[in-house]
Amino acid sequence: MAKKRKNKIGRNDPCPCGSGLKYKNCCLHKKGGIDLKDLYFRKYRIRLKEKADIEGIRRAGRLVVDTLHLVEREIRPGITTDYINTLVHEFTVKNHAIPAPLNYRGFPKSVCVSVNEVVCHGIPSEQVLRDGDIVNVDITSILNGYYADANQTFFVGTPGPDARKIVNVARGSLKEGMSMIYPGNTLGDIGWAIQRYAEGKGCSVVREFVGHGVGFEFHEPPEVRHYGRKGEGIPLVPGMVFTIEPMINLGGKEVSILEDRWTVVTRDGSLSAQFEQTFVVTEEGGESLTPFDL
Ligand code: MF3
Ligand code: CO
Ligand code: CO
């Protein structure tokens, strides 16, 4: 008589972890059952980070935040965006790190500096900051091989009402997104929370650029959209490290790219602002590896 194995997974059955492999070639021999690290890589190409990796990214993140603070103290009317590039480049190198943007896919500078209607990827130049401008500084450093990525939008001198509004909504958008970081929540929950908040304030969310996995490389899977539906997308699990970096426009969500093939601007010329941090999903929720006050 054949053995009854009603509730037992056969060695040749598909593995319950969803890998598509046979059970005997997948989770059968793993202690602790399903190996998330393996599953997330096979299914999504997401590389979950170990404790030592997270410590490395946290160290890179501390340098990024220190660099943002250094820049913040220097922001005033009359400086050029290239001066910000010099500050970031020199401070990064002095601290035994590498500025990730430099030569990344041909980007010519060490930091992205995006003024007013520039959404992201502004190239530092002889452009002079004027009273009332807003300026986003986006810094990514590589320290001991680990990447951390963060940005902030600063006021230059005294902001007008439009500048105040868009910067506050962009800041609030990152707060809304990060409040959804919890194991079992999904990437869709993050996008949904941001979109609901920003559109609720009468602003719009840029679609063409997204947050991303980070840590071993500059841009890793997954894409982290800043719009979406609750409950959709990849479930968050401990060890996931990614950025949230909503780009929020005062007018329409449409963007154009300039002749230099980098600079992204709002199509209607309205102001755009952004805040970014690098996060790790933990057992208890989420933690910023590039923490600064929002
Ligand atoms: N730091 C940007 C991000 O948040 C990427 C800049 S790519 C560069 O993902 F080449 F412009 F630096
Ligand atoms: Co960035
Ligand atoms: Co980023």
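Working only within the range 217-233, note down all residues that are within 16 Å of ligand 1 (Cβ to nearest atom) and open to solvent by less than 50 Å² (accessible area, probe 1.4 Å). If the condition is that a residue be within 16 Å of ligand 1 (Cβ to nearest atom) and open to solvent by less than 50 Å² (accessible area, probe 1.4 Å), then PHE218, GLU220, PRO222, VAL224, HIS226 are the ones that fit. Annotation: GLY251 fulfils all but one of (1) touching a residue at least 24 places away in the same chain (Cβ under 8 Å); (2) within 28 Å of ARG62 (Cα to Cα); (3) part of a loop (DSSP other than H, G, I, E, B); the unmet one is (2). Within the range 185-205, residues that are among the hydroxyl-bearing types (Ser, Thr, Tyr) sit with their Cβ atoms under 9 Å from residues that are assigned to a strand (DSSP E or B) and surrounded by fewer than 22 Cβ atoms within 10 Å (Cβ to Cβ), at 6+ positions apart or across chains, in these pairs: THR186/PRO235.
Would you pick out the residues in the range 272-294 that are in contact with a helix residue (DSSP H, G or I) (Cβ under 8 Å, 6 or more places away or on another chain) and part of a loop (DSSP other than H, G, I, E, B)?
PHE275, LEU289, THR290, PRO291, PHE292, LEU294
Screening ASN25 on (1) in contact (Cβ under 8 Å) with a residue 40 or more places away in the chain; (2) more than 27 Å from LEU250 (Cβ to Cβ); (3) more than 16 Å from ligand 3 (Cβ to nearest atom) shows it passes everything except condition (1).
Taking the criterion of being within 20 Å of the chain's Cα centre (by Cα) and open to solvent by 10 Å² or more (accessible area, probe 1.4 Å), the residues of the range 234-253 that qualify are ILE234, PRO235, VAL237, PRO238, GLU245, LYS253. Considering only residues in the range 254-271 that are within 14 Å of ligand 1 (Cβ to nearest atom) and part of a loop (DSSP other than H, G, I, E, B), the one that is most open to solvent (accessible area, probe 1.4 Å) turns out to be ARG261. When the range 272-294 is filtered for residues that are away from ligand 2 (no atom under 16 Å from the Cβ), open to solvent by 40 Å² or more (accessible area, probe 1.4 Å) and under 19 Å from VAL224 (Cβ atoms), the ones remaining, listed by number, are GLY286, GLU287.
Specify which of the listed residues (THR67, THR81) is within 14 Å of ligand 1 (Cβ to nearest atom), in contact with a Ser or Thr (Cβ under 8 Å, 6 or more places away or on another chain), over 29 Å from SER256 (Cβ atoms) and polar (S, T, N, Q). Sole residue among the options that is within 14 Å of ligand 1 (Cβ to nearest atom), in contact with a Ser or Thr (Cβ under 8 Å, 6 or more places away or on another chain), over 29 Å from SER256 (Cβ atoms) and polar (S, T, N, Q): THR67. Within the range 198-216, the set of residues being more than 16 Å from ligand 1 (Cβ to nearest atom) and surrounded by 21 or more Cβ atoms within 10 Å (Cβ to Cβ) comprises ALA198, CYS203, SER204. Would you point out which residue out of LEU70, LEU87, LEU129, LEU48 is away from ligand 2 (no atom under 14 Å from the Cβ), touching a helix residue (DSSP H, G or I) at 6+ places or on another chain (Cβ under 8 Å) and in contact (Cβ under 8 Å) with a residue 60 or more places away in the chain? Result of the check over LEU70, LEU87, LEU129, LEU48: LEU48.
The values are calculated or read from the model by the stated rules, or taken from the named source; none is laboratory data. For clarity, every value in this text was computed on a predicted model and none was experimentally measured. So basically every Cβ, Gly included, is an ideal-geometry build from the backbone, and we count neighbours across all protein chains shown. With ligands, DNA and RNA removed, areas are computed over all heavy atoms of the protein, side chains included. Shrake-Rupley method; radii C 1.70, N 1.55, O 1.52, S 1.80 Å.
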